[in-house]
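For reference, the structure is listed below as structure tokens.
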Amino acid sequence: MKANDQQLQVPGLRMTKQRKEVYRALMENADHPTASELYETMQKSNDPMSLATVYNCLEALVEHDAIKQVNVDRNPTRYCQNAAQHGHFHDQNTGTIHDINFKPGTQLTDILDLPEGTEITDFEITIKGRLP
Ligand SMILES: [Zn+2]
């Protein structure tokens with residue numbers, strides 16, 4: 001998916017050229033890349049940046065809820081550009097991470113016995129398994 005400039009805006013975050021490039025690279029890679037993989041992508045661009053800069057950009061984007069971190073075991077952190085509420089499925093055969101959505105009309109509160117009045121502000125669901 002090619003990201004246009006409009007999609008590369010993040011409320012409350014000043015989008016420097018580098019942040020925009022990192023965000024764009026992530027938008028165009030739905031495979032939940034690691035920072036190193038994004039760094040490699042950046043090396044092929046006209047404006048290569050250091051790994052530290054890639055990390056800084058990712059950190060700013062995570063802080064502003066534009067992207068999510070995906071941590072599985074002790075593997076390097078992966079990054080997800082899908083801003084919709086979703087969980088992750090870690091296929092243990094291939095090591096790939098897939099986005100998993102809620103079934104239409106279902107919410108987290110339908111399946112979890114949360115204390116009355118709880119407001120969920122954030123969640124992280126990672127399911128491990130094997131695809132057939
Ligand atoms: Zn995801």
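Computed quantities for the displayed model
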quantity	calculated
The range 49-56 - phi-based ³J(HN,Hα) in whole Hz, Karplus 6.51/-1.76/1.60, Gly and Pro as x	10, 6, 4, 4, 5, 4, 4, 4
All Cα pairs of the range 87-129, percent lying beyond 12 Å	68
Spin-label model distance (nm) - I125 vs N4, 7 Å beyond Cα toward Cβ	3.2
Built amide H within the under 5 Å cut-off of M15, gap 5+	none
For the range 64-71, 3J(HN,Hα) per residue [Karplus equation, 6.51 cos²θ - 1.76 cosθ + 1.60, θ = phi - 60°, Hz, x = Gly/Pro]	9, 6, 7, 9, 10, 8, 10, 10
Using θ = phi - 60° and Karplus 6.51 cos²θ - 1.76 cosθ + 1.60, couplings along the range 17-24 (whole Hz; Gly, Pro as x)	4, 5, 4, 5, 5, 5, 4, 4
Percent antiparallel among DSSP beta bridges (both partners in the range 87-129, rounded to 5)	50
Members of K2/K103; K20/K68; K17/K44 lying beyond 18 Å, as alpha-carbon distances in this model show	K2/K103
Linear extension gain, D110 paired with T94, 0.36 nm per residue minus alpha-carbon span	2.7 nm
For the chain: Kirkwood Rh in Å [reciprocal of mean 1/r, alpha carbons]	16.2
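Values in this text are rule-based calculations from the coordinates and carry no lab data. Bear in mind that the values here come from a model prediction, so they are computed numbers and not experimental data. Ideal geometry is used to build each Cβ from the backbone, glycine not excepted, and the neighbour counts take in all protein chains shown.
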